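To start, the structure itself, in structure tokens.
No value in this document is a laboratory result; all are computed from the given coordinates. Everything numeric here is computed off the predicted structure, so don't read it as measured data. Cβ: placed from backbone, ideal geometry, glycine included. Neighbour counts: every protein chain shown.
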Amino acid sequence: MVHGLSAKVLRMLHEMRSHGFQLDHVTFTGVLVACSHGGLVSDGWHVFESIRNEYGMEPLPEHYGCMVDILGFAGLLNEACKFVERMSISLALPLVDLLVEDEERVAPSDAMDILCYSEWQADACYDDQNTHCW
């Protein structure tokens with residue numbers, strides 16, 4: 001139900017901060033979802049970075065997933081791929097499906113020619129017994 005209310009969610013976050021509320025991972029997930037639905041890429045980046053830089057918490061996999069969704073919905077697939085490439089493998093692999101879904105949402109002329117992490121993915125997706133990991 002956050003569609004169309006993204007700016008209001010960001011205002012509420014600002015009010016919570018200014019009144020000294022203790023923000024938690026659930027709060028940040030909700031705000032990042034609102035940024036995704038509202039197409040607020042720069043606000044989403046600011047919120048994501050504040051989790052670590054201002055609140056001293058480690059972003060959860062859900063937060064990373066929200067950022068991939070924010071970037072993908074905005075058609076910033078190359079940026080989304082670069083973001084995933086910088087993550088640890090345990091966080092990145094579950095986000096592969098999000099990137100593929102996001103690629104299918106944009107016009108073919110705007111889609112990536114090749115999934116930028118395809119070689120990296122192929123190397124990373126097999127365990128010691130040479131079986132598919134996900």
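Ranked from highest to lowest mean number of other Cβ atoms within 10 Å per residue, what is the order of the peptides 67-73, 57-63?
Details: 67-73: 24.9, 57-63: 15.6.
Taking the mean over residues of other Cβ atoms within 10 Å, the ranking is 67-73, 57-63.
What shape does segment 14-90 have by the C-alpha gyration tensor, where a ≥ b ≥ c are the square roots of the eigenvalues, rounded means a/c under 1.5, and otherwise prolate means a/b greater than b/c and oblate the rest? Walk me through the numbers before you get to the answer.
Numbers: a/c = 2.34, a/b = 1.48, b/c = 1.58.
Oblate is the answer for segment 14-90, as a/c is 1.5 or above yet b/c matches or exceeds a/b.
What does the highest-first list of 35-48, 6-19 look like by mean Cβ count within 10 Å?
Details: 35-48: 19.6, 6-19: 13.8.
So the peptides 35-48, 6-19, ranked by packing, come out 35-48, 6-19.
Taking +1 at the Cβ of each Lys and Arg and -1 at the Cβ of each Asp and Glu, which of Leu5, Ser36, Phe83 sits farthest along the dipole of segment 3-87 towards its positive end, judged by Cα position relative to the Cα centre?
Leu5
How high is the relative contact order of segment 20-86? Use alpha-carbon pairs under 8 Å, at least six apart in sequence, and give a whole percent.
Numbers: 57 pairs, mean separation 22.3, N = 67.
After rounding, I find 33 percent.
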